[in-house]
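Participant: First the structure, then my questions, so here it is.
The values are calculated or read from the model by the stated rules, or taken from the named source; none is laboratory data. In this text the structure is predicted, and so the values were computed from the model without any measurement. When we count neighbours, we look across all protein chains shown, and the Cβ atoms used for this are built from the backbone with ideal geometry, even at glycine.
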């Protein structure tokens, strides 16, 4: 498995994600500067990491979504290649229209950095195959613009097709406004596209990869991707 | 010549305007009881090299579509000086 992590000016989780994927899977991880117009050959998984690309000016992720590298990223995803956006990466995916919706300022209007509990709602994606449906995992969040918003009709479509992959819940898996840190519609923390190869989420699996950091749930995320690629032999794109 | 273009960006109706709400709450708590509601938007100024104000408007509309406005949540209005 070969992973490429895209670095934009202002990305700040790139090293964490490179470390976490390498440490968990021992696989090849390359970084790609945003001005590059090509991805490394044979890339299986592209990750857009967290951070504050272009200072979050105008709208979070707006300018990164128009970076030179995004042409190659879109081509990769268009071929069915796996594409993951974490935090600012998720914002970049919605700004690129690769995923529906938008990330608005948190309902508290404050930056929130703390552990969060999520329920894994859809285990039929390449990113969640090794989780149990309904399993509660702990990934931390660290964002100011994390309120996932989608107009009502589109939200119905997303829910009907199982597009909501992660939801904010209590440590025991109960849902409720008090467990939804940012005010996202339907407590949504992460979504997948209809084809299943593009996933975006606000919480950080790469910050949940070691017991010393508070939990190892994040490792299952990377192992799920590796297992998906190994099992189906569907490398460099879903068939 | 350079044409001065003003772009006003507002959240669409129905989109949660957290900033507008917070500003309204703050104004009411300062004693401005007459306030019904508040909306917070963006004001962008551009100087565009164009032969006519109409050309400047066309170019500004393209810039809104390409980057400045997210049509999922935002609407905009353009004013061109001299138009």
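Participant: Can you name the residue in region B:23-54 that is within 12 Å of chain A (Cβ to nearest Cβ) and buried (at least 16 other Cβ atoms within 10 Å of the Cβ) and is also nearest to residue A:59 (Cα to Cα) among such residues?
Facilitator: It comes out as B:44.
Participant: If you scan region A:199-227, which residues turn out to be over 19 Å from residue A:181 (Cα atoms) and crowded, with 24+ Cβ neighbours inside 10 Å?
Facilitator: A:199, A:206, A:209, A:218, A:221, A:222, A:225 - these are the residues of region A:199-227 that are over 19 Å from residue A:181 (Cα atoms) and crowded, with 24+ Cβ neighbours inside 10 Å.
Participant: I want to confirm something. Restricting to region B:57-70 and keeping residues that are under 22 Å from residue B:40 (Cα atoms), more than 9 Å from chain A (Cβ to nearest Cβ) and more than 12 Å from the chain's Cα centre (by Cα), which single residue is surrounded by the most Cβ atoms within 10 Å (Cβ to Cβ)?
Facilitator: Ranking the candidates gives B:60 first.
Participant: Do the conditions hold for residue B:65, that is, is it modelled with pLDDT of 95 or more and within 19 Å of residue A:63 (Cα to Cα)?
Facilitator: yes
Participant: Let me ask something else about it. I'd like the residue in region B:71-83 that is out of contact with any helix residue (DSSP H, G or I) (no Cβ under 6 Å at 6 or more places or on another chain) and surrounded by fewer than 17 Cβ atoms within 10 Å (Cβ to Cβ) and, out of all such residues, is nearest to residue A:67 (Cα to Cα).
Facilitator: Within region B:71-83, the match that is nearest to residue A:67 (Cα to Cα) is B:71.
Participant: Further question: Only one of A:50, A:78 is surrounded by fewer than 19 Cβ atoms within 10 Å (Cβ to Cβ), away from every other protein chain (no Cβ under 14 Å), under 27 Å from residue B:69 (Cβ atoms) and at pLDDT 95 or above; which?
Facilitator: Selected residue: A:78, the only one of A:50, A:78 that is surrounded by fewer than 19 Cβ atoms within 10 Å (Cβ to Cβ), away from every other protein chain (no Cβ under 14 Å), under 27 Å from residue B:69 (Cβ atoms) and at pLDDT 95 or above.
Participant: Limited to region A:92-115, what total is found for residues that are within 11 Å of chain B (Cβ to nearest Cβ) and in contact (Cβ under 8 Å) with a residue 40 or more places away in the chain?
Facilitator: Of the residues in region A:92-115, 10 are within 11 Å of chain B (Cβ to nearest Cβ) and in contact (Cβ under 8 Å) with a residue 40 or more places away in the chain.
Participant: If I go through region A:60-75 residue by residue, how many of them are within 11 Å of chain B (Cβ to nearest Cβ) and free of Cβ contacts under 8 Å to residues at least 40 places away in the same chain?
Facilitator: The number of residues fulfilling the criteria is 4.
Participant: Mind telling me which of the residues A:17, A:32 ends up being free of Cβ contacts under 8 Å to residues at least 60 places away in the same chain, buried (at least 18 other Cβ atoms within 10 Å of the Cβ) and more than 14 Å from chain B (Cβ to nearest Cβ)?
Facilitator: A:32
Participant: Which condition number does residue B:79 fail, the rest of (1) more than 29 Å from residue A:110 (Cα to Cα); (2) not in a strand (DSSP E or B) being met?
Facilitator: For residue B:79, the exception is condition (2).
Participant: For region A:117-128, check the following and say yes or no: at least one residue is more than 30 Å from residue B:69 (Cβ to Cβ), assigned to a strand (DSSP E or B) and over 16 Å from the mean Cα position of the chain (by Cα).
Facilitator: Checked region A:117-128: no residue is more than 30 Å from residue B:69 (Cβ to Cβ), assigned to a strand (DSSP E or B) and over 16 Å from the mean Cα position of the chain (by Cα).
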